[in-house]
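A.B. asks: First the structure, then my questions, so here it is.
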Amino acid sequence: MPHKSFSSSDLEKLTEEILKSYRDDSGTNFIDVKNLPVRDKVLSILDSLKELLFPGYTGKRPITSDNIRSVVQEILVTVRRELAEQIELALRFKCKLKNCPNCDCKVMARESTEKFLSRVPHIRQMLKDDVQAAFDGDPAAQSTEEIVLSYPHITAIAVHRVAHELYVMDIPLIPRMMSEYAHSITGIDINPGAKIGKRFFIDHGTGVVIGETAVIGNNVKMYQGVTLGAVSFPKDEKGQLIRSKKRHPTLEDDVTVYAEATILGNITIGKGAVIGGNVWIRESVPAGAVTAIAEPESMYVTRSRKKNPGKKTES
Amino acid sequence: MPHKSFSSSDLEKLTEEILKSYRDDSGTNFIDVKNLPVRDKVLSILDSLKELLFPGYTGKRPITSDNIRSVVQEILVTVRRELAEQIELALRFKCKLKNCPNCDCKVMARESTEKFLSRVPHIRQMLKDDVQAAFDGDPAAQSTEEIVLSYPHITAIAVHRVAHELYVMDIPLIPRMMSEYAHSITGIDINPGAKIGKRFFIDHGTGVVIGETAVIGNNVKMYQGVTLGAVSFPKDEKGQLIRSKKRHPTLEDDVTVYAEATILGNITIGKGAVIGGNVWIRESVPAGAVTAIAEPESMYVTRSRKKNPGKKTES
Amino acid sequence: MPHKSFSSSDLEKLTEEILKSYRDDSGTNFIDVKNLPVRDKVLSILDSLKELLFPGYTGKRPITSDNIRSVVQEILVTVRRELAEQIELALRFKCKLKNCPNCDCKVMARESTEKFLSRVPHIRQMLKDDVQAAFDGDPAAQSTEEIVLSYPHITAIAVHRVAHELYVMDIPLIPRMMSEYAHSITGIDINPGAKIGKRFFIDHGTGVVIGETAVIGNNVKMYQGVTLGAVSFPKDEKGQLIRSKKRHPTLEDDVTVYAEATILGNITIGKGAVIGGNVWIRESVPAGAVTAIAEPESMYVTRSRKKNPGKKTES
């Protein structure tokens, strides 16, 4: 196909086409959107919070008994200001969607931020226990410090416990921005709506999916590739998806879920149950049960017979 | 083992060994390679394009009806220059491999860049529909804005639709640099060669693999861990792999593929078919079919009996 | 719930609560910890080493036959200094844990660093062969250069071969910081303790887990989602996990493991065996064997009959 070089009128024409594509929707562009949380700032707030939750972990600035008080105060003051800014943008954005002219987004942002900050000691306590759960649950861990410094589990659960607090306060956009950031760097996908108890541990983690309405008890351990998912999408009379209905599993205390297990629907896995790897569960499992899949028929043949070549998966 | 400290002659000897290791190949070093695309610049081009495709999404610079025209022009001019530079380097690199002294890489780079830019309105239209497909397909989504701002699917499909345009123009190196960047941050691995129709949605995404010669129709939805892979590697008479042969599946319109399903080979999944989670498919599936695996025999035993302990997968 | 705005006494109270939470443990905070490797510096060392292992790959600075010698010397000198610093911090950290007042961490750090550097030619040779294995094993690869520039496999195996050398020298913290960095950007999780032979190739990679005591021979190829894991956690008489016991599989030469296969326990996969996709293996497999799962009963029904709706996995 012959191609003539771009003239400036070609460039003009292309500009027009692109501008035209912006005019017929407002869902995928942000023109004239005055209020939108800024991802970089949200991630910066997460960084500051991580320093508060695991002080000194970066090794970059020495934290000592002498300066720890002022470090904590400094972070609290910074986060209070920056988080309130981002929350206010998120609330104004939702106000615009839902047309609520009588609410004061600035006041609501300030209140939400302070409510969140008052939860920080609780979050820290939960995370201390999560770290201990990881150490107790993983023979490859040499120290709790190693876990804090490098385990993807800690990044994922720390971000989750922060995002969840904002989710329950109905803050728009920001919780999901946080959780998808953690998803990107750890491969662990926990929706901010999920409720997770104490001493939670995910080993390895890549491929874990925990849905919005999942509920997880205390002392729960799981491995890579586990899915706590939903089975169907109820729709309302207008054919619109019903959002927020409980549709994900509940795991009671002391449950262990091995790698690649898939647990679907609003079912309950009873206290102390063990879900074997690769198992497919769609009905509730009683307390103390141990589930496993029937051992797959493995066929062992020598290459010369080649009766049943292994399933090859390549690209 | 006693160890003597490094003397400068030790350092000299080590330097020699390392230099020697460079001399006997040219496939893993880039010495005297004048022409190589620079990854940082390729990623910077992707950033600029994302701003064009979803203007204002970063929230960093206010985009308004007043400045949008000049913003678009500015990005087009910048990308035209920088992409042409990188494409020229990639073409020169391939020229060197294939010894084609008569082609003018600079002219070819300019033409390819302008051809690519003329496709931007099309890419944008496709992405608007991909965003809508995500919103319609995921009850956890609160708004299309949330999807654009945070869903890994959008990063993966936006980068793919860009990389694919460059792939079909036979640009070397750059398409794969782009797709592996998206793979790294989303866990979604889509080869730039794959052809993907309208209104495509991948929910969660971690572990999805879509091979080079896969073809996907319109309104297709899939979940985490789905593989569209190949089954064997035909080799030519020299024993070399035959590259580029169609060896991946074709998914027709309206197909849904649930989590962890594996679909292999140059087969067709017919219009509207539903492929169940964890299913293994090696033969074509007729239109409208619903496939599922036989429910695995789950054994439920109490801990005291411990007859068939769950398969434990840890590390 | 009525909420009063934060007064400065509220802020004071919150600061106190947070400080209190730091006092009752030392496993999750780093106050008064003088010696801790700095993650950013460890990652910077990895960058320098990657430049040494694949000189010129970034395309940023021209590497020529004229300057290559001084580039290599410069990197060796820089890494020797910076790696010794980080190793010294890691050793001091462990010294504190294990209370060994008679060792000289500075001298040990220097020796370890020089021992590591003397292994660089070996690492480079291994990586050249890994790249060739990738090219020979993947029909989608256009050139070895493309593999070095963009394949996640190369990042993962390069970091592993570096981290492993430090692991066998008993360097604390740093090997795992390196491997979890690679895990984060590639989705491939290889514990630094794993021993991996020549010409190793992981295609796609997302979800691969290779445990601490795994042993892999030469010419081994595997695909996404493969797990080489352990089956149980022996505990000692105090109820503490026994760490470091061989508990992961051994794969002999020429083994191929297809996607999502799970191989568990201290078992051996014999030379040349082929492990099919999605197979679950808990016992040793003889040399030359080909394992596959029994073809799952796939049920094909039309939508109108809807007898056995596909297993839907969504969230």
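The values are calculated or read from the model by the stated rules, or taken from the named source; none is laboratory data. Predicted model, so just to flag it, every value in this text is computed and none were measured. No Cβ is skipped: glycine too gets one built from the backbone with ideal geometry, and neighbour counts run over all protein chains shown. Note: areas computed on protein heavy atoms with side chains; ligands, DNA, RNA excluded. Shrake-Rupley method; radii C 1.70, N 1.55, O 1.52, S 1.80 Å.
A.B. asks: Out of all the residues in region C:26-35, is one or more of a type in the set (Gly, Ala, Ser) and either crowded, with 21+ Cβ neighbours inside 10 Å or more than 23 Å from A:Phe135 (Cα to Cα) (or both)? Show your work before the answer.
C.D. replies: Of all residues in region C:26-35, those of a type in the set (Gly, Ala, Ser) come to C:26-27.
Filter once more, so that each one left must be either crowded, with 21+ Cβ neighbours inside 10 Å or more than 23 Å from A:Phe135 (Cα to Cα) (or both): none.
Within region C:26-35, none of the residues are of a type in the set (Gly, Ala, Ser) and either crowded, with 21+ Cβ neighbours inside 10 Å or more than 23 Å from A:Phe135 (Cα to Cα) (or both).
A.B. asks: Same structure again: Identify, by number, the condition in (1) open to solvent by less than 20 Å² (accessible area, probe 1.4 Å); (2) over 28 Å from B:Asp203 (Cα atoms) that A:Met108 doesn't meet.
C.D. replies: A:Met108 satisfies all of (1) open to solvent by less than 20 Å² (accessible area, probe 1.4 Å); (2) over 28 Å from B:Asp203 (Cα atoms) except (1).
A.B. asks: How many of the residues making up region C:56-81 are closer than 13 Å to B:Phe30 by Cβ, surrounded by 16 or more Cβ atoms within 10 Å (Cβ to Cβ) and not aromatic (Phe, Trp, Tyr)?
C.D. replies: Residues in region C:56-81 being closer than 13 Å to B:Phe30 by Cβ, surrounded by 16 or more Cβ atoms within 10 Å (Cβ to Cβ) and not aromatic (Phe, Trp, Tyr): 6 in total.
A.B. asks: Right, here's the next one. Looking at this structure, is A:Asp10 within 15 Å of B:Gln73 (Cα to Cα), modelled with pLDDT of 80 or more and open to solvent by 50 Å² or more (accessible area, probe 1.4 Å)?
C.D. replies: yes
A.B. asks: Continuing with the same structure: Go through region C:196-210 and report how many residues are under 25 Å from A:Ala141 (Cα atoms) and surrounded by fewer than 24 Cβ atoms within 10 Å (Cβ to Cβ).
C.D. replies: 2
A.B. asks: Tell me whether region C:231-249 contains one or more residues that are of a type in the set (Phe, Trp, Tyr) and either modelled with pLDDT of 95 or more or out of contact with any Pro (no Cβ under 8 Å at 6 or more places or on another chain) (or both). Working first, answer last.
C.D. replies: As a first pass, look at region C:231-249 and keep what is of a type in the set (Phe, Trp, Tyr): C:233.
Then drop every residue that is not either modelled with pLDDT of 95 or more or out of contact with any Pro (no Cβ under 8 Å at 6 or more places or on another chain) (or both), which leaves none.
No, there is no match, as no residue in region C:231-249 is of a type in the set (Phe, Trp, Tyr) and either modelled with pLDDT of 95 or more or out of contact with any Pro (no Cβ under 8 Å at 6 or more places or on another chain) (or both).
A.B. asks: When C:Glu82 is evaluated against the numbered criteria (1) under 30 Å from A:Phe54 (Cβ atoms); (2) under 21 Å from the mean Cα position of the chain (by Cα); (3) modelled with pLDDT of 95 or more, which criterion, by number, is the only one it fails?
C.D. replies: Failed condition: (2).
A.B. asks: Considering region B:222-256 alone, what residues qualify as being facing chain C (nearest Cβ under 9 Å), farther than 26 Å from C:Thr256 by Cα and either polar (S, T, N, Q) or not in a loop (DSSP other than H, G, I, E, B) (or both)?
C.D. replies: Across region B:222-256, the qualifying residue is only B:Thr256.
A.B. asks: Then there is this: What single numbered condition from (1) crowded, with 19+ Cβ neighbours inside 10 Å; (2) closer than 25 Å to A:Pro152 by Cβ fails to hold for A:Ala90?
C.D. replies: (2)
A.B. asks: Just to verify a result, which residue in region C:272-283, among those that are crowded, with 17+ Cβ neighbours inside 10 Å and in a loop (DSSP other than H, G, I, E, B), is farthest from the other protein chains (Cβ to nearest Cβ)?
C.D. replies: C:Ala273
A.B. asks: Among the residues of region B:257-270, write down those that are within 11 Å of chain C (Cβ to nearest Cβ) and open to solvent by 20 Å² or more (accessible area, probe 1.4 Å).
C.D. replies: B:Glu260
A.B. asks: Sticking with this one: Based on what the data block shows, is B:Asp66 in the same structural domain as B:Ile123 (by TED's automatic domain parsing) and free of Cβ contacts under 8 Å to residues at least 40 places away in the same chain?
C.D. replies: Taking the combined requirement at face value, the residue satisfies it.
A.B. asks: Moving on to the next point. Hey, which of the helices (runs of 4 or more DSSP H) in region C:137-206, taking only ones fully inside, have at least 1 residues that are among the hydrophobic types (A, V, I, L, M, F, W, C), facing another protein chain (nearest Cβ under 8 Å) and out of contact with any Asp or Glu (no Cβ under 6 Å at 6 or more places or on another chain)?
C.D. replies: Working: elements: C:144-150, C:152-168, C:174-186.
Qualifying helices (runs of 4 or more DSSP H): C:144-150, C:174-186.
A.B. asks: Now a separate question. If the requirement is being at pLDDT below 95, surrounded by fewer than 23 Cβ atoms within 10 Å (Cβ to Cβ) and farther than 19 Å from C:Ser21 by Cβ, which of these qualifies: A:Ser143, A:Ser150?
C.D. replies: Details: A:Ser150 fails: surrounded by fewer than 23 Cβ atoms within 10 Å (Cβ to Cβ).
Only one candidate passes the filter, namely A:Ser143.
A.B. asks: So, in region B:14-32, of the ones that are hydrophobic (A, V, I, L, M, F, W, C) and in a loop (DSSP other than H, G, I, E, B), which residue ends up farthest from the other protein chains (Cβ to nearest Cβ)?
C.D. replies: Across region B:14-32, the extreme among qualifying residues is B:Ile31.
A.B. asks: Could you give me the residue pairs with C-beta distances under 8 Å whose first residue belongs to region B:33-61 and is more than 7 Å from chain A (Cβ to nearest Cβ), whose second residue is of a type in the set (Asp, Glu) and part of a helix (DSSP H, G or I) wherever it lies, and which are 6+ apart or on separate chains?
C.D. replies: Within 8 Å, the pairs are B:Asn35/B:Glu88; B:Leu36/C:Glu145; B:Lys41/B:Glu82; B:Lys41/B:Glu85; B:Ser44/B:Glu82; B:Ile45/B:Glu82; B:Ser48/B:Glu82.
A.B. asks: Out of contact with any helix residue (DSSP H, G or I) (no Cβ under 9 Å at 6 or more places or on another chain) and not polar (S, T, N, Q): is that true of B:Val208 in this structure?
C.D. replies: no
A.B. asks: Determine which member of the set B:His164, B:His160 is over 17 Å from B:Ile87 (Cβ atoms) and either open to solvent by less than 10 Å² (accessible area, probe 1.4 Å) or not charged (D, E, K, R) (or both).
C.D. replies: So the residue among B:His164, B:His160 that is over 17 Å from B:Ile87 (Cβ atoms) and either open to solvent by less than 10 Å² (accessible area, probe 1.4 Å) or not charged (D, E, K, R) (or both) is B:His160.
A.B. asks: Next question. Looking only at region A:211-239, which residues are within 20 Å of B:Ala141 (Cβ to Cβ) and crowded, with 21+ Cβ neighbours inside 10 Å?
C.D. replies: Result: A:Gly211, A:Glu212, A:Thr213, A:Ala214, A:Thr227, A:Leu228, A:Gly229, A:Ala230.
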